[in-house]
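The values are calculated or read from the model by the stated rules, or taken from the named source; none is laboratory data. Computed from a predicted model, the values in this text were never measured in an experiment. Note: ideal-geometry Cβ built from the backbone for every residue, glycine included; neighbour counts use all protein chains shown. These area figures cover heavy atoms from the full protein model, side chains too; ligands, DNA and RNA do not enter into them. Shrake-Rupley method; radii C 1.70, N 1.55, O 1.52, S 1.80 Å.
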Amino acid sequence: MCVGGVQRIVPGQQSGRVVMTKWRCILVIALAMVVSAATSTMAGTDSLSDFVETYQCSLQGLIAKILARDTRVEHGRFVVLSLADPAANYVQCHFGERDREALCEASSGWFNRHGEKRHFTPIQLHALQKLGFSTDGSHGNFQRHIHFASYGPEPYALAGMMLSALYEGYDARKDLPIEVVAPFALRHGYLPRERCVPIS
C-alpha cells in the first residue's frame, strides 16, 4: 500500500507484489506533481498582473494618441474597451478639456435590456470600488471622475486601471478578444497584445 507517498510493506507480502506496489506509488506521486505544476502554471499565466502586462503598453499607446489630439476637440477623445458578449461589459474613459480631468465608466448593466443585465458578485463590486469606481448603478454606469495634475494624464497608469477593471469586474482573460473603439487612435478593432520592453 501507499501511505502518504511512502511504501508500507506488509509482512508476508511477496517480493514481486512489493515491487509493483512501489512502482504504483512512484507513478501516483509523479502524476500528482505534474498536475500540480500544470495547475500552478495555468494560474500564473491567467493572473491579473499577467493580463495587464499583456495589453498595457498597447493601450498606453492608444491613449497617448488620443491625448495628442487638440484638446479643444470635444468629440472623439475617448477610448472604450469591451468584451464581445450580450451583457455589454465595457470600461471607457472620456478626456475633458485641457486634459485636466477624465470621466471613466464601467458598465453597470443599467443601459442593457432587462434579460441582459449583468449580476455582479460582491468580490467584483469590491474590486471596482478599490479602483475608484462608484458601485451604485441605479441611475447609470459605475463612474470614476479623475482629476489630473498640471502635466496631464499618465497613459501607462490609466491603461493599467482600465485593464484591471475589465479583468476584475468582467472576467476578461487573455483568451478573450478585447474590442476597442477610439476614434482618434483605433476607430474599431481589437486591442493588440504588446508587452512593454524591459529597460536594462
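Number of residues in the range 113-140 that are under 22 Å from LEU191 (Cβ atoms) and at pLDDT below 95 equals 1.
Filtering the range 47-60 to residues that are touching a Pro at 6+ places or on another chain (Cβ under 8 Å) and open to solvent by 20 Å² or more (accessible area, probe 1.4 Å) leaves only GLN60.
For the range 122-158, a residue qualifies if it is part of a helix (DSSP H, G or I), under 15 Å from CYS104 (Cβ atoms) and open to solvent by less than 70 Å² (accessible area, probe 1.4 Å), and the qualifying residues are ALA127, LEU128, PRO155, ALA157, LEU158.
For the range 171-189, state whether one or more residues are assigned to a strand (DSSP E or B), over 25 Å from LEU125 (Cα atoms) and in contact (Cβ under 8 Å) with a residue 24 or more places away in the chain.
Quick first cut of the range 171-189, residues assigned to a strand (DSSP E or B) only: 178-182, 186-189.
Applying the additional criterion that residues be over 25 Å from LEU125 (Cα atoms) yields 182, 186-189.
Narrowing the set further to residues that are in contact (Cβ under 8 Å) with a residue 24 or more places away in the chain leaves 182, 186.
Yes: one or more hits.
Taking first residues from the range 86-104 that are hydroxyl-bearing (Ser, Thr, Tyr) and partners that are assigned to a strand (DSSP E or B) and surrounded by 15 or more Cβ atoms within 10 Å (Cβ to Cβ), the Cβ contacts under 7 Å between residues at least 6 apart in sequence or on separate chains come to TYR90/VAL80; TYR90/LEU81; TYR90/SER82.
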